[in-house]
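Peer 1: Could you have a look at this structure, given as structure tokens, before my questions?
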Amino acid sequence: MKEKIIQTNEAPFSKVSVDPITLDVIESALRNTREQMDATVFRTAMSPGIREQGDAFPMVANADGKMIVGQFGSFIHGFMEGYEGMIEEGDMILTNDPYSCGGAISHLNDYLVIKPIFKDGRHMAWAAHFGHLTDIGGRVPGSLPNKAREIFEEGTAFPPVKIYKKGEFQDDIMQIALRNSRMPHWNQGDFKGVIAACTIAERRCVEMAERFGDDVFYSALEELLERNCRAMRQLIMETIPEEKQSFEDYICDDALGSGPYKIKCSMWREGERVIFDFDGTDPQSPGSINFMLNEEMFKMFCGTFMISAFDPQILFNDGFYDYIDVRIPRGCMLKPIRPAALSCRTHALGRIFDVLSGLLGQGNPDFLCGAGFSDSPHFMYSGRDKNGEWYQLYQIGFGGIPARPVGDGPDGHSLWPNFKNVPNEYLEAYFPLRIETYECIIDSGGAGYHRGGNGIRMGYRFLEDGEISIHDDRWLTYPWGVNGAEPGQRSTKELVRADGTSEFLPSKCDLIPVSSGDILYFNTWGGGGVGNPLTREPERVLHDVVSGLVSAQAAKDAYGVVVNGESLDIEATSALRSSKAVAETTDSKVFNFGGDLEELRSRCLDETGLEPPMPPDFSRYNYAYKN
Amino acid sequence: MFKVGVDVGGTFTDVLLVNSANSEFFTAKVPSTPSDSSIGVLNGIEKACELAGVSLKDIDVVTHGTTVATNAILTGQGAKVGLVTSKGYGQVLQIARSYVPGGLGGWLYYQKTPPLAPLDCTVEIDERTAADGSIVSELNIEKARRSITKLAEKNVEAITICLINSFSNDTHEKKLRELVQEMLPKIPTSISSEVIPEMQEYERTITTVANSYVRPQVENYISNLQKEFNNKMDGASLSILRSDGGLATAAAAMNFPVYMLMSGPAGGVSGAMWVGEQAGFNNIITFDMGGTSTDVALIENGQALVRRETTVGDVTVRASALDVRSIGAGGGSIAHVPELTRALRVGPESAGAEPGPAAYDKGGIEPTVTDANVVLGYLPETQKLGGDMAIRQELAEKAVQKIADALGLTLLEAAEGIIKIVNEKMFGAVRLVSVEKGYDPRDFSLMAFGGAGPLHANALGALTQAWPVVIPPGPGILCAYGDATTRLRNEASKTIILNMSAASGAKLAKEFETLAITAANGLNASDEGAPQAIDSETLTTQYEIDIRYAGQGLVLTIPISLEDVGRGDFSKVSEDFDKLHEQLFTFRIDGEKEFVNLRVIALGPKSQLELASSEGRQIDDVAHAVLSDHEIFHNGKKHSAKVYDRSLLKTGHIVQGPAVITEMDSTSVVLPDHKAQVDDKLNLLLSPV
């Protein structure tokens, strides 16, 4: 990597000893830097996706490209491997092409900007930021075609190009980008915010080096990596068994009528190293649900799950990467081959968290959470209004956080860091629609000692003719419950026409025409529960019932709690609970998936109003996978 | 004519009595009475009157910073609030903004607090208003009546009405309030279009619910206090400090207590503004460090920045507040070393007032920031802590030794490490209000106060380079100075949402004029029969517009003159916005701008009070003020230092560091290679030698 960077000052940094206090001070300063990058982007961006919902992520890495602060791990290495040119001071590189950066970003909508940070002619660090732009062209508004079969249908790709050359902004590149978008105005605002965040990170790093000395700054970054590394090594030794464990979960369908697709991960320890192997995951899909999973990013997911339990104040970084080995077979849906379509990767990206949670948790059931809101459902609505003006909405939905060992899952919340909903009054002021319902879905959270969070029911009344697209999942498979708890309810989408007729829409569909007066109920899924619901304190069940979060019927059926009006019937409850406890088998299975795939398929039409998907035909794709 | 400023803190109630005729000040510090803080207030006022030799009846005005509203939220002891929403929105507080704090994996540990208005006390009403204010479906009064009856059966103590899009048309909210008042005349009712008529349903709901939640307690407290004043002081008028640093009449404070949530911290900033004005410092960063938290704010050209939201505990509301950044680190913050990462962490746990730092010998054994200060010699054993509490060096050492052992450092190194970490946190807070808003702290003076501020002031000055560091006289009671010296203030705002290019000056001017009347009326809100607080001639009115680039989510607040608005001339606000955007975010955008909110601020007359000056320059040698020899530890070395008595320091004196300057309730440290100079107003000005 070093050989691709031109420095006017070649003097190497020296490793000096950094006292523990200075180290902690620099750690705080770096945390501040990241927060400031976030604030800059969220406050200046224009698309609701970034400005209201926070779909943008900053990172600062050391000169070797190892992440020091950020959320999703470093992608500098993957990126530099694919980059052919030379990099010098004042350059800033833009790409949105997952295939030229090893999956550092995973669909074309994510614009990644990388800025090398120099001080006195020496390359000292990297700042990077990526954000989801609302529209980058392609066959559908929003640039996320469910039915795409190649990446060429998903918008305009930029392999790594210099958007700044030696400090000069390359406006011609910007113009190409804007020309290919249905929403150039938003893109421009968002993009400027992302660039500004990198500029701010550069200033902060240079200031820190000035304050503490270049060598101290350099050495402190090394030390911070080492600190994570030490912590992780210890955790791996203590918590990861040597024998192989596996967990699998599914993406329900591919929008082309096939599914479910299996994601399988196995884990074992060899000495100080832990291996995560995705062998057994289904081959790539002909559709757009493939997810180019970056190995480094997956390591960060693991680290986050493991470390944050022990020192929540720690700044996650890449220091522990050498102790984790991630194996993803080429040609599987997590490492697809170009030009496989990628735009709707959000389902698999989300599901990875459930896989990881199940995989790490099954050896330590006391720490196990239910299946979560492991997706990022999208809703798109676009068209021309009565005045001929183009409108285009892209919105992310939220659902039930799973129950956790610390308590119930919050209702209608986001698993993604920093995400927020879009205020409905904002939607109504800027788009031709009215949100008539915005509430939790009663009983949708999995019953358990701790209850899974309820999903959200959002009723969009359309005020103009237009087209809608939907991206969601978990309509066939269940958000599983654990340790005796029930799974959460699945997602549904119901379109009620102005004339009163209604239909269930598939969870993935493109460009469904809607008319003024139609209403779409976008119902997200609930989180899985934790622990036997018959052991939940009756007072907590009563509280949920009077709050309208659990129905009296479900209190009786799932929790064995009898509620009359607004009070507990204590005697009836204990009678019911003892009869239920007797009736229950002694089968204390850890995971409750709501039935096996065959059962889910056979009940599909009855329960969901939709035909079950066909088992995927991998005959054309298996070849690449197995070789 | 006498005026009183009162600040109620967790431990002490501070009272400042001023003779308005000659600006003569008397101060009193008495223990707070948390079960009913009005007792402490009256005790303090009586004590101050005794000191001054004046009668309670000579007092005309009492201005008061109160934490009653804040504490109601922090302790969860507010009213049982009934919430009335539009159909389909009953769970607006349950879902909130769907936000889970804490980064990737934050959801694993996040414990959400229950909504301020319980779900079983929430009812949905059949009605609907559109975003443009048109009525989509009429209010069904008969159904609404049944819903209100349901709330009554739940024995709610206050009611909030917040309907969708009411910021653009308040008809239904007002009709519903009439209904509630008719059915439940004793229940205080807040409507969102009056409390905060701005877009965003969650923010408007939580703000209005918070208003209802704290209202009964605040009403009770203020009316009791006013009753006492009527009895004992011939009806001295009572004003309450608002979060934005202005004063509200007692009546206004009772109707809109959500604007008082930051009343406490606002006192300190107001005090700092006043001291700054007296001593000739216009650009100040305030540094108010107490036992459990530290408040930082930035004052530019004598004005503190105002932020459009207030956060108390887990609750964030849309109410203007001085832009005070609080961090949970103070003298009581506990240092610890997590086994896994072996990093030195300070806070967020705090030893608080009970059991307190180890050195206080009240049962605390964990090492705190205060203990580290004791170990390093910054807080000498001889210092009294505003009471009879004594400091025990050996207990502090024993506690800090635990950190030293865990890190393999000496006792003194560990203590210094704790101080450095906590100073860095303070520095982070200073950066939030300065660098991150495009201000260079070197263009400001750091003003340190609060119980622990003067201890850390010199070190923080070195980090921020905000010289000179100013330590005002009586740094422990600066809040009471603020209460006594600030002015009446009220604001009224409205969401409009309008492209700048399409804005009509005449229309906006009309909107502004209506808001100005609302703001002025609020300023004068009073009980029947009581005199108006001010007359219109002494009223100052300011106009502001919240602007953004069309499409953005943020708004920046830009002042505007009514003349420009009338002429439809928006060139100046446009340029001011571009400049501020560039200062904050490094760039500007060529494109349409959008007006989002209009706001009018009405201000009463300014305080005429002056800070006492030292009588003439003192020619005594500064050595007269030396109490004892002492030793402090700094930068890995021991230094011989002297302890000074601040009350003996006069204008012109220069104290060379290393030194420790003690006074009634506070200790100032002067580090090696620094000096403290006493100015005309008896402030200590710290700077490098």
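Values in this text are rule-based calculations from the coordinates and carry no lab data. Values in this document were obtained by computation on a predicted structure and should not be read as measured data. Backbone-built Cβ (ideal geometry, glycine too); neighbour counts: all protein chains shown.
Peer 1: Using only atoms on other chains, find how many Cβ atoms lie within 10 Å of each Cβ of peptide B:109-120 and report the average.
Peer 2: Counting Cβ atoms of other protein chains within 10 Å of each residue's Cβ and averaging gives 4.
Peer 1: Could you list the trypsin sites (Lys or Arg not before Pro) in segment A:439-521 that lie in coil according to DSSP, counting only those with at most 16 other Cβ atoms within 10 Å of their Cβ?
Peer 2: When the trypsin sites (Lys or Arg not before Pro) of segment A:439-521 are filtered for loop state and at most 16 Cβ neighbours within 10 Å, A:497 remain.
Peer 1: Right, here's the next one. Too long at a 26 Å Cα-Cα cut-off: which of A:165/B:437; B:150/B:186; A:119/B:437; A:244/A:299; A:15/A:165?
Peer 2: Correct reply: A:165/B:437; A:15/A:165.
Peer 1: Let me ask another. Is there a simple number for the mean count of other chain Cβ atoms within 10 Å of the Cβ of residues in A:433-444, and what is it?
Peer 2: 4
Peer 1: Continuing with the same structure: Taking only the alpha carbons of segment B:45-117, what extent do you get along each of the three principal axes, in Å, biggest first?
Peer 2: 61, 34, 16 Å, listed from the longest principal axis down.
Peer 1: Return the calculated 222 nm mean residue ellipticity for chain A, to the nearest 500 deg cm²/dmol, obtained by summing -39500 (n - 2.57) across DSSP H runs with n ≥ 4 and dividing by the residue count.
Peer 2: The per-residue figure over chain A is -9500 deg cm²/dmol.
Peer 1: Right, here's the next one. What are the GluC sites (Glu not before Pro) within segment A:224-262 that DSSP puts in a loop, where the Cβ has at most 12 other Cβ atoms within 10 Å?
Peer 2: A:242, A:243
Peer 1: Continuing with this model, one more query. Given the alpha-carbon gyration tensor of the protein assembly as shown, what are the semi-axes of its equivalent ellipsoid in whole angstrom, ordered largest first, with each equal to the square root of 5 times an eigenvalue?
Peer 2: Equivalent ellipsoid of the protein assembly as shown: 50, 39, 31 Å, largest first.
Peer 1: Determine the distance separating the Cα centre of segment A:182-222 from the Cα centre of segment B:275-298; give it in Å without decimals.
Peer 2: Between the Cα centres of segment A:182-222 and segment B:275-298 lies a distance of 30 Å.
Peer 1: Ok, one more. Can you grab the distance from the C-alpha centre of segment A:99-163 to the C-alpha centre of segment A:1-74, Å, no decimals?
Peer 2: Distance between centres, Cα-based: 18 Å.
Peer 1: If you line up the Cα atoms of chain B on their principal axes, what length do they span on each, largest first, in Å?
Peer 2: Rounded to whole Å, the extents work out to 79, 63, 56 Å.
Peer 1: Let me ask something additional. Taking square-rooted eigenvalues a ≥ b ≥ c of the alpha carbon gyration tensor, is segment B:463-597 rounded, prolate or oblate, where a/c under 1.5 means rounded and, failing that, a/b exceeding b/c means prolate?
Peer 2: Since a/c reaches 1.5 but b/c is at least a/b, the shape of segment B:463-597 is classed as oblate.
Peer 1: What's the local net charge at residue A:96, with K and R +1, D and E -1, over the other residues with C-beta under 11 Å away?
Peer 2: Cβ neighbours under 11 Å give a net charge of -3.
Peer 1: What do you get for the angle between helix B:505-523 and the principal long axis of chain B? Use alpha-carbon atoms, 0 to 90 degrees, nearest ten.
Peer 2: Here the helix axis deviates by roughly 60 degrees.
Peer 1: Return a whole-number percent for the relative contact order of chain A, with Cα pairs under 8 Å and 6 or more residues apart as the contact set.
Peer 2: The normalised contact order for chain A reaches 12 percent.
Peer 1: While we're on this one: How large is the helix-only mean residue ellipticity at 222 nm for chain B, computed as the sum of -39500 (n - 2.57) over DSSP H runs with n ≥ 4, divided by its residue count, in deg cm²/dmol to the nearest 500?
Peer 2: Result for chain B, helices only: -10000 deg cm²/dmol.
Peer 1: Ok, one more. Can you give me the Kirkwood hydrodynamic radius for chain A, using every pair of distinct Cα atoms, in Å to one decimal?
Peer 2: By the Kirkwood definition, the hydrodynamic radius is 25.6 Å.
Peer 1: Also: Using only the C-alpha atoms of segment A:2-232, find the volume of their convex hull and express it per residue in Å³.
Peer 2: 125 Å³
Peer 1: Right, another one. Mean separation of Cα pairs under 8 Å and 6+ residues apart, divided by the residue count of chain B: what relative contact order is that in percent?
Peer 2: Relative contact order of chain B: 12 percent.
Peer 1: Taking the Cα centre of each part, how many Å lie between segment B:558-618 and segment A:338-363?
Peer 2: With segment B:558-618 and segment A:338-363 each reduced to a Cα centre, they are spaced 50 Å.
Peer 1: Using the C-alpha gyration tensor of segment A:2-98, what are the square roots of 5 times its eigenvalues, in whole angstrom, with the largest one first?
Peer 2: Whole-Å semi-axes of the equivalent ellipsoid: 26, 22, 12.
Peer 1: What does the average come to when, for each residue of peptide B:418-428, you count the partner chain Cβ atoms lying within 10 Å of its Cβ?
Peer 2: 3
Peer 1: To continue, here is another question. Could you pull out the GluC sites (Glu not before Pro) across segment A:97-169 that fall in loop regions by DSSP (anything but H, G, I, E, B) with no more than 15 other Cβ atoms inside 10 Å?
Peer 2: Here the sparse-neighbourhood loop sites are A:150.
Peer 1: For each of B:557, B:85, count neighbouring Cβ atoms within 10 Å of the residue's Cβ, then give the residues from fewest to most.
Peer 2: B:557, B:85
Peer 1: Pairing the Cα long axis of helix B:201-232 with the longest principal axis of chain B, what angle in degrees results, from 0 to 90 and rounded to the nearest 10?
Peer 2: It is inclined by approximately 70 degrees.
Peer 1: Relative to the Cα centre, what is the charge dipole magnitude of segment B:74-218, using +1 at the beta carbon of each Lys and Arg, -1 at the beta carbon of each Asp and Glu, and rounding to the nearest 20 debye?
Peer 2: 400 debye
Peer 1: Would you work out the relative contact order for segment B:74-218, in percent, from Cα pairs under 8 angstrom that are 6 or more residues apart?
Peer 2: Taking the mean separation of contacting Cα pairs over the length of segment B:74-218, I get 30 percent.
Peer 1: Right, here's the next one. Work out how far the C-alpha atoms of segment B:74-218 reach from end to end along every principal axis, then list the three figures in whole Å, largest first.
Peer 2: Result for segment B:74-218: principal-axis Cα extents of 47, 35, 24 Å.
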